[in-house]
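Notes follow once the structure below has been shown.
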Amino acid sequence: MRPVANTRSATGIPTARLAVWWLIASEIVIFGGLLASYIMHRLAHDAWSQQAAYTNTWIGAFNTLVLLSSSLSAVLGHKAADEGNGQKAAKMLYFTMLGGVTFLVVKAFEWTSEIQHGFTITSNTFWSFYYSAAGLHAMHVLAGVIVMGIVAATAKKNEELHRVELIGLYWHFVDVVWIFLFPLLYIAK
Amino acid sequence: MSEEHTHHPNYVKIWAILVFLLVISVTGPMIGIKWVTLFTAFGIAIVKAYLVVVNFMHIGATRRFVPYLVATCLLFMLLFFAGVAPDVMKATGKNWSKPAWVEAQAQAGAEGGHGH
């Protein structure tokens, strides 16, 4: 017997997919509020550009490339799952996880360097925003990698293949958030 | 009752476009012209996000409920910005002021700074 979330569809959208979109909607408000607060403070304080000058654009760009590429593997996994190819879907999810882990490792080195140079979360409001926004995003990447591992394990056995699309939706959203964080924190100097 | 089958476009081609846009968003600000920076950094970010949401998340293929849900959340974000930004971005208002900020501005002005 398949779970209710896969079969029930009062809105015309499978309940599991609808639930992920609800999650994404709530995340829009969380990240949207944070980014809107950052933008209004940034516009009001020209001096923040001097602080932003210390962030490394190339590291940010590399991580953007990593996330965009991991989104590609996630959506290719979705395609494979639609074709009923659980093995390939799992393989694509493992590539996506590799992207997520690479992102986090790069972030760890970046933050270590910044903290060693004296830029901590309490240095000033710019760095508070920087660590809060990037840190919250990194936690979402970590959560995505963990859930993706669980989904990949079942997909490999050709079970619950619809979940591949669901974790993909979440992952693409995390990618979209970074697409906006990148210019805000690394380019606007 | 399930939705229609998802149409899968050429994802590699879309990824290549996204990477190309990333290159522009990094190199554009190097020119040093403010409006070019704004366009290449933030304008292109919107285009990239659109490409991901439409092609990877297939928002157009879902029932209208989902785009409306997302649009409502974005609207609330704009409402939040419009409601709070004046308090954050201005030093004084009709019946209020931020003495510490005004003082800091005056000090920066005295020191020949341009910032707030």
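The values are calculated or read from the model by the stated rules, or taken from the named source; none is laboratory data. Given the structure is predicted, the values throughout are model-derived calculations rather than measurements. Glycine also receives a Cβ, built like all others from the backbone with ideal geometry; neighbour counts cover every protein chain displayed. Only protein heavy atoms, including side chains, enter the accessible area calculation; ligands, DNA and RNA are left aside. Shrake-Rupley method; radii C 1.70, N 1.55, O 1.52, S 1.80 Å.
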Subject >> Count - residues of segment A:153-182 that are small (G, A, S) and crowded, with 23+ Cβ neighbours inside 10 Å >> reply: 2
Subject >> Flag if A:Q51 is touching a helix residue (DSSP H, G or I) at 6+ places or on another chain (Cβ under 8 Å), within 30 Å of B:A108 (Cα to Cα) and more than 9 Å from chain B (Cβ to nearest Cβ) >> reply: yes
Original post:
Of the residues that sit in segment B:97-112 and are assigned to a loop (DSSP other than H, G, I, E, B) and within 13 Å of chain A (Cβ to nearest Cβ), which one is surrounded by the fewest Cβ atoms within 10 Å (Cβ to Cβ)?
Top reply: B:E111
Subject >> segment B:1-32 - residue that is hydroxyl-bearing (S, T, Y) and outside any helix (DSSP H, G or I) and, of those, modelled with the highest pLDDT >> reply: B:T6
**OP:** Among the residues of segment A:44-87, write down those that are more than 25 Å from A:Y186 (Cα to Cα) and either assigned to a loop (DSSP other than H, G, I, E, B) or within 22 Å of the chain's Cα centre (by Cα) (or both).
**Re:** A:S73, A:A74, A:V75, A:L76, A:G77, A:H78, A:K79, A:A80, A:A81, A:E83, A:G84, A:N85
Original post:
Which residues, taken from segment B:49-96, are crowded, with 16+ Cβ neighbours inside 10 Å, without any contact (Cβ under 8 Å) to a residue 12 or more places away in the chain and either in a loop (DSSP other than H, G, I, E, B) or more than 10 Å from chain A (Cβ to nearest Cβ) (or both)?
Top reply: B:M57
Subject >> Residue count for segment A:60-93, restricted to those that are more than 11 Å from every other protein chain (Cβ to nearest Cβ) and open to solvent by 50 Å² or more (accessible area, probe 1.4 Å) >> reply: 4
Original post:
Looking at segment B:27-40, is at least one residue in contact with a helix residue (DSSP H, G or I) (Cβ under 7 Å, 6 or more places away or on another chain), open to solvent by 70 Å² or more (accessible area, probe 1.4 Å) and over 25 Å from A:G33 (Cα atoms)?
Top reply: no
**OP:** Name the single residue, out of those in segment A:94-108 being open to solvent by 60 Å² or more (accessible area, probe 1.4 Å) and in contact (Cβ under 8 Å) with a residue 40 or more places away in the chain, that is nearest to the chain's Cα centre (by Cα).
**Re:** A:V101
